[in-house]
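K.L.:
Got a structure for you, written out below as structure tokens; questions coming shortly.
The values are calculated or read from the model by the stated rules, or taken from the named source; none is laboratory data. Bear in mind that the values here come from a model prediction, so they are computed numbers and not experimental data. Using ideal geometry, Cβ is built from the backbone for each residue, glycine included, and neighbour counts are taken over all protein chains shown. All accessible areas refer to the heavy atoms of the entire protein, side chains included, with ligands and DNA or RNA removed. Shrake-Rupley method; radii C 1.70, N 1.55, O 1.52, S 1.80 Å.
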Amino acid sequence: MKVVVLTGAGISAESGVPTFRDADGLWEGHRVEEVATPEAYDHAPMTVHRFYDARRSALLGVQPNAAHHALARLEEVLGDDLLVITQNIDDLHERAGSRRVLHMHGELLSALCRACDGRVRWESDLVDLPPCPGCGVTELRPDVVWFGEVPYGMDRISIELARADLFVSIGTSGAVYPAAGFVQHALRYGARTLELNLEPSEGTAWFHEARHGRAGELVPHWVEELLETAHSAS
Ligand code: BV8
């Protein structure tokens, strides 16, 4: 059985990573959509760097939770039949042990050089405009996908969604595209669809089944259930 899981900010909420709906989506009085755009970066790069530098240093202080660990356990059994597509730019899936993770909106712990297109793992600030380790130019930007930019891995994502027998959406409001359209894509190719979220998402009508509650409880329970059925089927 091929399983594709889409995760959003809700899966990291219990680890202490604020969601976009928290604080009414405001940062330093800016709407998040205002600081997470290429225009904002051209207009006020220091504000944008402070936004991501603060999230990067905060990330070093949080841990994966039971939902992340449950998905890592599921990968141990399903192997290549499981893919986690995440909208999150944190590294909590990997720190829980997941390997098959596709960061469609980029990663906080990566910097992208606008001069040489090189990528480098980055754990400290970018606001002091450090030189690119590859080409030496001071054009490093956060390696994240901003509003108006094309998400990463879209070709692979389309193929994996079309192959999925089961599509599961965890901790996402379904407000941001193209991620919010994945459930319809998977449905079109015959997948069964399941939503695990604190509340009904904007796309809840597209799911065969929806379970509402905290990911830290819902995800381990769902994984145990799936492993039991997989076990009894074998
Ligand atoms: C693009 C990285 C072209 C940076 C992010 C169609 C219609 C309308 C608009 C558009 C459209 N197509 C494109 C657009 C424009 C735009 C868009 O969608 N705008 C929105 C605002 C309407 N999309 C784009 O610009 C995208 N690019 O379309 O390019 C293209 C398209 C296809 C193919 C080729 C080209 C790029 C969007 C990416 C922007 N970057 N992040 C950063 O992180 O700073 S988006 C960012 O916001 C996140 O990554 C995530 O995607 C989104 C936030 O959503 P969630 O993760 O769902 O978080 P949220 O807080 O909203 O919800 C949390 C949920 O969890 C809630 O439901 C809550 O109930 C639940 N929850 C809370 N606690 C728990 C919980 N659940 C369980 N347990 C808990 N404990």
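K.L.:
Of these, A96, A175, A186, A162, which one is in contact (Cβ under 8 Å) with a residue 12 or more places away in the chain and touching an Asp or Glu at 6+ places or on another chain (Cβ under 6 Å)?
P.N.:
On the way: A96 fails: touching an Asp or Glu at 6+ places or on another chain (Cβ under 6 Å); A186 fails: touching an Asp or Glu at 6+ places or on another chain (Cβ under 6 Å); A162 fails: touching an Asp or Glu at 6+ places or on another chain (Cβ under 6 Å).
Only one candidate qualifies: A175.
K.L.:
Does at least one position in the range 138-151 carry a residue that is more than 12 Å from the ligand (Cβ to nearest atom) and either within 18 Å of the chain's Cα centre (by Cα) or open to solvent by less than 20 Å² (accessible area, probe 1.4 Å) (or both)? Give the derivation first.
P.N.:
Quick first cut of the range 138-151, residues more than 12 Å from the ligand (Cβ to nearest atom) only: 138-140.
Next, from what is left, pick out any that are either within 18 Å of the chain's Cα centre (by Cα) or open to solvent by less than 20 Å² (accessible area, probe 1.4 Å) (or both): 140.
So far as the range 138-151 goes, yes, one or more of its residues are more than 12 Å from the ligand (Cβ to nearest atom) and either within 18 Å of the chain's Cα centre (by Cα) or open to solvent by less than 20 Å² (accessible area, probe 1.4 Å) (or both).
K.L.:
Return yes or no: is S124 over 13 Å from the mean Cα position of the chain (by Cα) and under 22 Å from R192 (Cβ atoms)?
P.N.:
On the way: over 13 Å from the mean Cα position of the chain (by Cα): yes; under 22 Å from R192 (Cβ atoms): no.
Criteria not met by S124.
K.L.:
Something else about it: Taking the criterion of being of a type in the set (K, R) and either crowded, with 18+ Cβ neighbours inside 10 Å or at pLDDT 95 or above (or both), would at least one residue in the range 16-23 satisfy it? Don't jump to the end; show me each part of the working.
P.N.:
The initial filter retains those residues of the range 16-23 that are of a type in the set (K, R), namely 21.
Now restrict to residues that are either crowded, with 18+ Cβ neighbours inside 10 Å or at pLDDT 95 or above (or both): none.
Scanning the range 16-23 turns up no residue that is of a type in the set (K, R) and either crowded, with 18+ Cβ neighbours inside 10 Å or at pLDDT 95 or above (or both).
K.L.:
When the residues of the range 158-198 are filtered to those that are more than 12 Å from the ligand (Cβ to nearest atom) and in a strand (DSSP E or B), which remaining residue is surrounded by the fewest Cβ atoms within 10 Å (Cβ to Cβ)?
P.N.:
Of everything passing the filter in the range 158-198, R192 is surrounded by the fewest Cβ atoms within 10 Å (Cβ to Cβ).
K.L.:
Could you check D90 against (1) open to solvent by 40 Å² or more (accessible area, probe 1.4 Å); (2) in contact with a helix residue (DSSP H, G or I) (Cβ under 7 Å, 6 or more places away or on another chain) and say which number it fails?
P.N.:
It fails just one condition, (1).
K.L.:
Which one is farthest from T172 (Cα to Cα) among residues in the range 199-234 that are within 12 Å of the ligand (Cβ to nearest atom), open to solvent by 40 Å² or more (accessible area, probe 1.4 Å) and in a helix (DSSP H, G or I)?
P.N.:
E217
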